[in-house]
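Report on the following structure.
Bear in mind these aren't lab numbers, they're just calculated from the coordinates by the rules spelled out. Computed from a predicted model, the values in this text were never measured in an experiment. Note: ideal-geometry Cβ built from the backbone for every residue, glycine included; neighbour counts use all protein chains shown.
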């Protein structure tokens, strides 16, 4: 049984087909969140071409995320970053057996519609692309296709769940090769979860109502989350992960899995690194195996990386306040 | 005598199966322990194993890397009951093909005498819940949660068909092997997990 906190029964994305013999449902929370549960302990890799997707699949990725440009190139290119070419997404879907995800702009309902029609397995409403609506995220209950959203705090995560996200990734700073922000944010979410859990355990309803107001999310979702002491949906780490040790460290902080963006295909040893990051994610509890994985990569070939303090564009801040 | 049941914890929905086995043991009043297992050494001590849902290519590759796959195969050949769910069903099979991509190179246990069609019902948007019956093992109604599910396209002589959905085979049994293409661990219904725990118990006495 998976947690269904915040579930909206009979939402638009839920389709019931009834005929004489059978009755089937699609797009239920169990199916959308359940899909994310199947990815747990895995690595999702950002790719821009079929070749990269095949390398990711062979390395043991559980899914690929299709982008037009890798986050570090989005950063360099400037301008408006939009969803990837449908032709390339389709080509990748036809060539790998693992699930295929693609990104749409925050709040861009019709980019999401196009991706849903293309039949991608999950849509990432992502801050890596230029937001299309500064005030509203997509109402994800309207879709049969599941969504993943980024979050830097418990409030942000729960607001996205309330809008229908079936999965969360704690945001780092994309395209930097710097894992610091991802670490800060998962620790923050963990601290906040501990705090609402202790309020729940103490039985202080008034304080929990206060928390719900602070988090800007419904009381019932806060209460149910506090009760289980974790996010009600699968939570991956993302943003700035560049090495096997980065991945293993985030797993040890309680993440359910890892998204790797520029870290793999911006490195010069992409193939070995892809495999090494998967190994370190799978066997993060075994120090000798993480060492073996780290040994597979050459630090001189890592993405150079950026200090987050010096950045003009902080992608993580996009969509964070609403 | 305590039953020692393990859930293969390489990748996928391990915790959900862990909890379903815990619930089954307590509902049946059977003395047993359940653990999450990764290494050959842990697997060698088991009386029964669940291979959970996840990505079969990944679980196969990683359990090949650490030597777990070989031990799993030996244990099943020597009679240990195993329950393969979705990805687990694919891993147990002798032959697997993707509906769109076709032949895929992936490590398989090569034990369950079936041909598998991966992603048989389509992509995630086509994933569905529907009522299934597994009459041969006494479960007349079960909520089948099918997520990018495989189906069985061909079965060998030793294989018993437990359930079909719209003419596609979605659950089979062959001796000590039981497999489903849907996810009982995502529901509250423990009847399939209980049936497996009972299988493990019977194999010990």
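What to note about this one:
- Between the stretch B:19-83 and the stretch A:61-136, the Cα center-to-center distance that results, in Å: 37 Å
- Computed over the protein assembly as shown, the ratio Rg/Rh where both radii use C-alpha atoms and Rh is Kirkwood: 0.95
- Sorting the Cα pairs of the stretch B:163-203 by distance into bins of 10 Å, from 0 upward, gives 25, 53, 21, 1 percent per bin.
- Calculated FRET efficiency for the pair residue A:220/residue A:109, C-beta based, R₀ 25 Å, to 0.05: 0.45
- Convex hull volume per residue, computed on the Cα atoms of the stretch A:10-120, equals 141 Å³.
- Peptide B:181-193, shielding by other chains (average Cβ, 10 Å cutoff): 2
- Rg [Å, one decimal], Dmax [Å, integer] - the stretch B:3-204, C-alpha atoms: 15.3, 46
- Among B:171, B:24, B:78, residue whose mean-square fluctuation peaks in a GNM of chain B (springs only between Cα atoms under 10 Å): B:78
- Centroid-to-centroid, using Cα positions, the stretch A:218-278 and the stretch B:131-205 are 33 Å apart.
- Label-point separation, residue A:213 to residue B:154 (7 Å along Cα→Cβ), nm: 6.8 nm
- For chain A, built as a Gaussian network whose Cα springs stay under 10 Å, the top-fluctuating residue of A:203, A:60, A:229: A:203
- Geometric descriptor of the stretch A:151-229, per residue, is 82 Å³ (volume of the convex hull of the Cα atoms).
- Inter-chain neighbour count for A:53-63: the average number of beta-carbon atoms from partner chains within 10 Å of each residue's beta-carbon is 3.
- Over the stretch B:1-121, the Kirkwood radius and the radius of gyration, each from Cα atoms, give a ratio Rg/Rh of 0.98.
- Note on residue A:228 and residue B:204: their simple-model spin labels are 3.1 nm apart, each label 7 Å out from Cα toward Cβ.
- Stokes-Einstein diffusion for the stretch B:7-57, with the hydrodynamic radius set to the Kirkwood value over Cα pairs and evaluated at 10 °C in a medium of 1.306 mPa s, equals 138 µm²/s.
- Relative contact order computed over the stretch A:15-317 (Cα-Cα under 8 Å; 6+ residues apart), in percent: 18 percent
- Sorting the segments A:179-187, A:258-266 by their mean number of nearby beta carbons within 10 angstrom, highest to lowest, gives A:258-266, A:179-187.
- Sorted peptide list for A:245-251, A:270-276, A:79-85, criterion being average Cβ within 10 angstrom, highest first: A:245-251, A:270-276, A:79-85
- Peptide-level mean, for A:36-48, of C-beta atoms on other protein chains within 10 Å: 5
- Per-peptide average of other Cβ atoms within 10 Å, ordering A:1-13, B:104-116 highest first: B:104-116, A:1-13
- Estimated purely from DSSP H runs of n ≥ 4, each contributing -39500 (n - 2.57), the mean residue ellipticity at 222 nm for chain B is -8500 deg cm²/dmol once divided by its residues.
- Label-point separation in nm, residue B:188 to residue A:309, each point 7 Å along Cα→Cβ: 5.4 nm
- Chain A - mean residue ellipticity at 222 nm from DSSP helices (-39,500 (n - 2.57) per run, n ≥ 4, rounded to 500): -12500 deg cm²/dmol
- Surface/4 estimate of mean projected area, convex hull on alpha-carbon atoms of the stretch A:15-317, nm²: 17.1 nm²
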